[in-house]
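Structure first, commentary second.
Taken together, the values in this text are just the output of simple stated rules run on the coordinates, not laboratory data. Just so we're clear, the structure is a prediction, and the values are computed from it rather than from any experiment. Cβ: placed from backbone, ideal geometry, glycine included. Neighbour counts: every protein chain shown.
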Amino acid sequence: MGLFYKALFTCIVFIGVITGTTYSQQKDIDSLTHILSKKSINDTNKVNLLNQIAFDYYGVNISQLKAYASQALQLSLKLKFSNGEAFAYKNIGLGYMGSNANPLALIYFDKSLAIFKKLGDSVNSAKILNNMGYYYGRIKDNEQELNYLLQAFGQIKRSNKIAIKATILGNIGNSYEAANKPDSALAYYQRAMADFVSTKQNNIPISAYCNLVSAHLKLNKLNQATYYANKMMNILAGPVNYRPKDLAMVYLTLGQLSFQLKNYDKSRGYFNRSLNIGNQIGNPETITGVYHGYYLIDSVKGNYLSALKNYHQYVRLNDSLMNVTKSRVLSLYEVKSDLQKRADENERLKIEQEKNQAIIIHQNTTEIILIVGLVIIAIGLIYLISINKQVKHQSTIINRQNKILESNNLVKDKLFSVISHDLRSPITQVIGLLNLWEQGEMKHHEMTELTPIVKNRIIQTLDLLDNLLIWSNNQLQGFKFKALPFELDKVINNIIQHLKPIITQKALNVENMVEPGTIVRADSEMIKIVLRNLISNAIKFTPANGSIKVKSKFENGFVVIAVEDTGIGIKEKDMAKIFSFTSHTTLGTDDEKGTGMGLKICKDFIDLNNGNIRMESKENEGSTFYVSIPQNIMGL
């Protein structure tokens, strides 16, 4: 009965901590909005009030944050109040960062930083740089994260704002710890703690102690980790309400320390507390860490069924976190690439518009000086109408560029939906296999049987990675087309030789029927990628003992290459979308996974070579892909 009441009391405390913090924050917001409602004059004080309300909504209500920050921005621009404008941009950036790390956050942070630097405000410049570092931390780009955090510290290190300086030092330590450099992390955590202590205040953030426990734990310095853990527990016993996110991390860290000290029951208790708070606030990182802790405890105690369940839950959650991170990275670089293209195009159009405007001004001046009659005026009017049409046409192009930017973001989403799990799944299988082998749960002959299967999955994953890198390079930098003559039959022989292990495994008959000495003038690297994808697909979708033939012929000024198989064919409903990102991947005859990207890359590369690609297929009878390249043999 005593344990029941203790658990009930703990639950009530957790709920009180979580709701109490939110209630206090909402109470502050309500107080400020009440003051705002009585503010009738649009002045700089109102701007500051709007910005404060917007900031208080961070972590509570993103839409309200953006709404108040937008009001502050409009009023700041009207009043030409630079300081208010900078804070408004910062708040809008925080809103976008809170919206699943939207890369537009960086654009608004850049605007805010430029104003604060112009105003000579090093403290707020440091805060903005810290926010930018935090953004890159969310997308797991530790190099950029550390770069901005070190810049932030450079701005603040000569300031007397000790608490801000200590916070940034702690964030630098977090970045080093995330990069698996606990020695460097510990050095910055100790500097941060020294700064906090120098303020001679009792309200040292609990996260500062948690950081020291975590770093010492990763360095296997259990005595020091226990020392700071005891200090942390003393703070928890006090009257201060801490942020739920900080509490969840504190209990997760205490659970990890208790596990290392082999106090497994105590460790599970801390993990339970961390999971309770993590579920309350929806913190996936904390929840993932808890399930990994459960898995370790169950493994040590020999409860393998429970350990396996918790491990699967941990892998699922970790995969989800990785997918979110990949989505954020793809979104960031798609937006950066498209914004740069759009900026370049807009700059070109701006120059054209300036030239046209100069022509218009010159024409107007000429008309004023040389007004000699209606005929000259009519000619001038006709010319001006023509120029205005050009200006309108250029405005239309700018609008089209904006639509292309939106379309590219959609392509990013489709790309992410295709590759979201394929890169991690084989690695997860290898980890699971090695865990079973390490724990002695798998015999040598079982390991021997499973190794070729896992190896094939890794090879398939490398193919996916190759295609992804090829596509990314094409999108972000563009390929340089270079047409040179090469012998087609030798290229095909090399591809077949490279794929020989998979061909042998499936007992396929693959024939290169291209005439020796057949010369093609095209970009050889692009054609190799195209043919490798087509032949790999034919192998993948052709059952054991089937056949694949590669042929070529000259037809109407084109070299036509055909890859013909006796495989499972393509469903009629999928044919229309086979060369786009809207197509879904299909398992091969031996459950080989596809990338969902190969045929799209093939089409892009054949287009760059001024050729075309098409297919013929019947379900359960086979497929033939035709690649046509201009013969263009002059100069060979």
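A few remarks follow.
- Sorting 260-270, 89-99, 139-149 by average packing, meaning the other beta carbons within 10 Å per residue, from highest down gives 89-99, 139-149, 260-270.
- Amide H contacts for G546 (H built 1.01 Å from N in the peptide plane; partners 5 or more residues away or on another chain; cut-off under 5 Å): N509.
- Between E143 and V123, the FRET efficiency estimated from the beta carbon spacing at R0 = 41 angstrom works out to 0.95.
- Net charge of Cβ neighbours under 13 Å - reference N142; Lys, Arg +1; Asp, Glu -1: -1
- Each residue of the stretch 95-102 was assigned a 3J(HN,Hα) from its phi angle through the Karplus expression (A = 6.51, B = -1.76, C = 1.60, θ = phi - 60°), giving x, 5, 5, x, 8, 6, 6, 4 Hz with x at Gly and Pro.
- Between K571 and I397, the distance separating the two model label sites (each 7 Å from Cα on the Cα→Cβ line) works out to 4.4 nm.
- Close amide H partners of M615, meaning residues 5 or more places away or on another chain with modelled amide H under 5 Å apart, are Y626.
- Other residues whose C-beta falls under 12 angstrom from the C-beta of K161 contribute a net charge of +2, scoring Lys and Arg +1 and Asp and Glu -1.
- Size of charge dipole - the stretch 486-630 - debye, nearest 20, with Cβ of Lys, Arg +1 and Asp, Glu -1, no other charges: 160 debye
- Amide H partners (placed H, <5 Å) of N283, local residues excluded: none
- Computed from phi, the 3J(HN,Hα) profile of the stretch 434-441 under the Karplus parametrisation 6.51, -1.76, 1.60 (θ = phi - 60°) reads 5, 4, 5, 5, 5, 7, x, 7 Hz, with x in place of Gly and Pro.
- Cα-Cα pairs of the stretch 90-236 separated by more than 21 Å (percent): 47 percent
- The distance from the alpha carbon centre of the stretch 500-561 to that of the stretch 235-309 is 55 Å, rounded to a whole number.
- Ranked by how many other Cβ atoms sit within 10 Å of their own Cβ, fewest first, the residues E85, E511, E438 fall in the order E438, E511, E85.
- Listed pairs K231/K301; K80/K157; K218/K301; K140/K262 exceeding 26 Å between Cα atoms: K231/K301; K80/K157; K140/K262
- Formal net charge of residues neighbouring I172 (Cβ-Cβ distance under 14 Å; K, R +1; D, E -1): -1
- Estimated distance in nm for a label pair at A237 and E621, the labels positioned 7 Å out from Cα along Cα-to-Cβ: 8.2 nm
- Additional length obtainable on full extension of the chain from A507 to S37, 0.36 nm per residue less Cα span: 161.3 nm
- Computed FRET value (nearest 0.05) for I387 with S99, which takes r as the C-beta separation and R₀ as 56 Å: 0.85
- Spin-label proximity, E487 to the stretch 540-564 - amide N less than 16 Å from point 7 Å beyond Cα toward beta carbon: none
- Net lengthening on full extension, L261/V430 (0.36 nm per residue, minus Cα-Cα): 57.9 nm
- Given +1 at the Cβ of Lys and Arg, -1 at the Cβ of Asp and Glu and no other charges, the dipole of the stretch 28-134 around its Cα centre is 300 debye to the nearest 20.
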